[in-house]
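Undergrad: Sharing a structure below in structure tokens format, with a few things to ask.
The values are calculated or read from the model by the stated rules, or taken from the named source; none is laboratory data. Owing to the predicted nature of the structure, the values given are computational and were not obtained by experimental measurement. Note that each Cβ is placed from the backbone with ideal geometry, even for glycine, and that neighbours are counted across all protein chains shown. For the accessible areas, the whole protein counts, side chains as well, though only heavy atoms, and no ligand, DNA or RNA atoms are used. Shrake-Rupley method; radii C 1.70, N 1.55, O 1.52, S 1.80 Å.
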Amino acid sequence: DFGRSSELAFVVEPSDDIAVQEQPLILYCQVEGIQPITITWRKNGAMIVDSENAFMLANGSLYVSRFQRVRGDGSSDEGEYDCMAQNHYGLVVSRKAKIQAATMSDFHIHPQNAVVEEGGVARFQCQIHGLPEPVILWHKNSMPVNTDNERYTLLPKGVLQITGLRAEDSGIFHCVATNIANVKFSREARLTVSGSHSTVYKDPMILVGPENLTLTVHQTAVLECIATGNPRPIVSWSRLDGRPIGVEGIQVLGTGNLMISDLTVQHSGIYVCAANKPGTRVRRTAQGSLVVQAPAEFVQHPQSISRPVGTTAIFTCVAQGEPPPQITWLRNGQILETSDHIKLKNNNSTLSIYGINQADEAIYQCLAENSAGSTQASARLTVLWADGLPSPPQAVRAETVSATTIQVSWEKPLQNTKEIIGYVLHIRKAADPVEMEYQEAVSKSTFQQLVTDLEPSTSYSFYIKAYTSRGASKASEVTVVSTLGEVPAMPSLFIKVINSTTVQATWEPSIKLGQHEGFKLYYRKVHLSQYTGPVLLASNVTAYNITHLDASVVYEVKLLAYNQHGDGNSTVRFVSLRESVERTVLNPPCDCMKDEQNNKTSTTGIIIGIHIGVTCIIFCILFLMFGYRGRLLMCKNVQEQLSTPQIPRSQRSATGLVLNGATRRDRDDRDLNGKQLDMNELERLFPASPSQEQQEKGITSAHSLSAPNDETQISTLPLDEFSIIEEQPDPLPKNPHGSSPAAPAPEHGPANEG
């Protein structure tokens, strides 16, 4: 039965206390567990021997008959006390109880005389230190102050506030401090209320702001804030971090003091007191910090466990508090020392014991302590050992096979081998902690194991245990062996032809090469057996040019990496320079200067040609435009001549009809040149021809313009003799008979001067 009744545990532990001088003191300690149990006490780590002044009671408590802060020999009953209990399972130690003497100092601050105008605020303060914290009360004119008066506010730290002063508030004030050690009175101070209430405006002002406080959970905090001004300012509170203050346990004392009851850690923060002028944004602020501490307490207690010998035992102990507690482990009341098989992790929250044996059986305690208090929890480790278990395996040997493989062999135990169901090989790097160990299971008929996937040039430790259905044997002796060193891996190699006599070998650096010393480069003509090289290259070199080669043959290039363990496998490449030579012949080098001149000449010719072409296009367009407009104007002038009234023959000039400044004789001469007016064009422009006969003879005057006998034949005119003048003749009414419109002849005759 490994239940709680067989363990050793505290039911009642000593607690912190304040003792009164010359008065008795009792520290309680109650333990349960398997008897016999021995209880002893320590003060500041030293054993307390029973004496007339201090001795242990039958129930295990410690009795101090006359507590003294300082004895005649200079010793003191103040200090840290703990209780130790022991039975055959182990030993446990209680939490430390801090014992202090009740004291009271003199007043550090006395109330001061004050003269305040009516309606103002008066503040008196007393300050005194003591253990326990003194209770301070105020007297006025030797009588206790009436706390029922809402204008009177008494704060726990010895402050008296009086608001809305009146004449009857004048008087003599003093304070009285009381605790179990003493009662003391402060000096007196006079309050004088002068004049009547002033109506002069005054900016808000904070007389006293909040102090920095450090308290413990469940205590009460009072943050003082007293402000003056006219009109009376409004006092408000907030947290600097913007979080809400809340309402539960929050109370306002007087006109602006903040009281927080039953403190928690969440109440910690910086509090801001603001005095605001009513109806405006005018304000004054003051701030103070509140730190709430919490004694250490366990979130997870360690649990008692039972484990077979050779296995691993793990205890977990998680504590919280503010500030975060420090965790310490004890083994049978003594501070636990770590070793290769005892490890602490996770800020001491986890205790691991590897390869346990009979000597590890004990009571283990977890102590959690911070500035606000301490606590402890215990658990017992029971090591199971069955009779008839196999003895340790024998003759464990380890032999290196390669850089990543070791062969481990052993012989069966000398005793109790019938119930063996298998073996477990324990493996770890020799430099690693015990918790990095791992295991491989082996059948009971196998006495060797090939351990693979190891790291090169690394030492490993091995030991074997034989297992039965009832437990494991003790561990065999440990053997340590190192793996072989590993040569570097094959490098990647690339060959680039530079010219007809040079190639460049390049390769990539790689972490897979390991701790290599460098590279070796070889090359040869393929028809030869002898290599040129090795060319030794440093480990940081990644390229090498091979020069003075023969372009007519093929070369073999070989690269390998080497280190202190030897040469690695090589990478081989073949390269021919013949293609480089052929490319050089087929593509001779260019005369860059000549090509540049040719390029410049060609470019200039192209630019000139483009300019000429554009100019020709522009001239063609202009020619077509002006030619078309001239043709239209010519036809218009002919139309006007055809429509001009005929002049009698007697009035005609002997030189003949003048048209556009040209005589008929000249016209006839030009007709000989074959340049005739396109009659089809005129016919298209003037479709209103009177008869087919007129079309055959040329253009004649219309029958409607003159008498039938008065005919005038007009010869065709070459276009070259036309002088073009842009005119805008007035539009003429259309002849109702359908003939061409008639126009009056110009004063100077029918010819248009050009």
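Undergrad: So what is the accessible area of the range 211-368 per residue, in Å², with the probe set to 1.4 Å? Don't jump to the answer; show the numbers that get you there.
TA: Details: 7850 Å² over 158 residues.
Per residue, the range 211-368 has 50 Å² of solvent-accessible surface.
Undergrad: Now, a different point. Using just the alpha carbons, could you tell me how many Å³ per residue the convex hull of the range 9-101 encloses? Could the numbers behind the result be given before it?
TA: Details: hull volume 8.2 nm³, N = 93.
Per residue, the Cα convex hull of the range 9-101 comes to 89 Å³.
Undergrad: Given a 1.4 Å probe, how much area per residue of the range 393-482 is accessible, in Å²?
TA: Numbers: 4800 Å² over 90 residues.
On a per-residue basis, the range 393-482 sits at 53 Å².
Undergrad: Per residue, how much accessible surface does the range 9-101 expose to a 1.4 Å probe? Answer in Å², no decimals. Each step should come with its number before you reach the end.
TA: Numbers: 4820 Å² over 93 residues.
Value returned for the range 9-101: 52 Å² of accessible area per residue.
Undergrad: On to the next question. For the range 9-101, which whole percent of the accessible surface, found with a 1.4 angstrom probe, sits on carbon and sulfur atoms? Don't jump to the answer; show the numbers that get you there.
TA: On the way: 2450 of 4820 Å².
Answer for the range 9-101: carbon and sulfur cover 51 percent of the accessible area.
Undergrad: Share of the range 494-576's accessible area from carbon and sulfur, percent, 1.4 Å? Before the final figure, lay out each step's value.
TA: Values: 2320 of 4740 Å².
Roughly 49 percent of what the probe reaches on the range 494-576 is carbon or sulfur.
Undergrad: Once neighbouring chains are kept in place and the probe is 1.4 Å, which whole percent of the accessible area of the range 301-384 is contributed by carbon and sulfur? Walk me through the numbers on the way to the answer.
TA: Numbers: 1600 of 3560 Å².
Of the solvent-accessible surface of the range 301-384, carbon and sulfur hold 45 percent.
Undergrad: Between Ala543 and Val200, what length comes free when the chain is fully extended (0.36 nm per residue of separation minus the Cα-Cα distance, one decimal in nm)? It would help to have the intermediate numbers written out before the result.
TA: Working: separation 343, 0.36 × 343 = 123.48 nm, distance 9.24 nm.
Once the chain is fully extended between Ala543 and Val200, it gains 114.2 nm.
Undergrad: Using only the alpha carbon atoms of the range 67-152, find the Kirkwood hydrodynamic radius as the inverse mean reciprocal pair distance, in angstroms to one decimal.
TA: Details: mean 1/r = 0.0547 Å⁻¹.
About 18.3 Å, per the Kirkwood formula over Cα pairs.
Undergrad: Would you mind calculating the gained length between Gln112 and Val554 on full extension (0.36 nm times residue separation, minus the Cα-Cα distance), in nm to one decimal?
TA: Details: separation 442, 0.36 × 442 = 159.12 nm, distance 11.05 nm.
Extra length from Gln112 to Val554 when fully extended: 148.1 nm.
Undergrad: Related question: I'd like the accessible area for Cys317, computed on protein heavy atoms only with a 1.4 Å probe and all protein chains in place. Round to 10 Å², please.
TA: Counting only protein heavy atoms, Cys317 exposes about 0 Å² to solvent.
Undergrad: Related question: So, counting K/R as plus one and D/E as minus one, what does the shell of residues with Cβ under 14 Å around Pro24 add up to? Intermediate values should be presented prior to the final figure.
TA: On the way: positive: Arg66; negative: Asp17, Glu22, Glu52, Asp77.
That sum, taken over residues with Cβ under 14 Å, equals -3.
Undergrad: Right, next: Starting with the highest mean, order 70-80, 84-94, 32-42, 551-561 by the number of other Cβ atoms within 10 Å, averaged over the residues of each peptide. Let's see the in-between values first.
TA: Numbers: 70-80: 12.5, 84-94: 21.0, 32-42: 15.6, 551-561: 18.6.
Put in order of decreasing packing, that is 84-94, 551-561, 32-42, 70-80.
Undergrad: Report for the range 9-101 the percent antiparallel among DSSP-assigned beta bridges with both residues inside it, nearest 5.
TA: Details: 24 of 27 bridges.
Restricted to the range 9-101, the bridges split so that about 90 percent are antiparallel.
Undergrad: For Val318 and Gln300 in one chain, what is 0.36 nm times their gap in residues minus the Cα-Cα distance, to one decimal in nm?
TA: Details: separation 18, 0.36 × 18 = 6.48 nm, distance 0.49 nm.
Full-extension gain reported as 6.0 nm.
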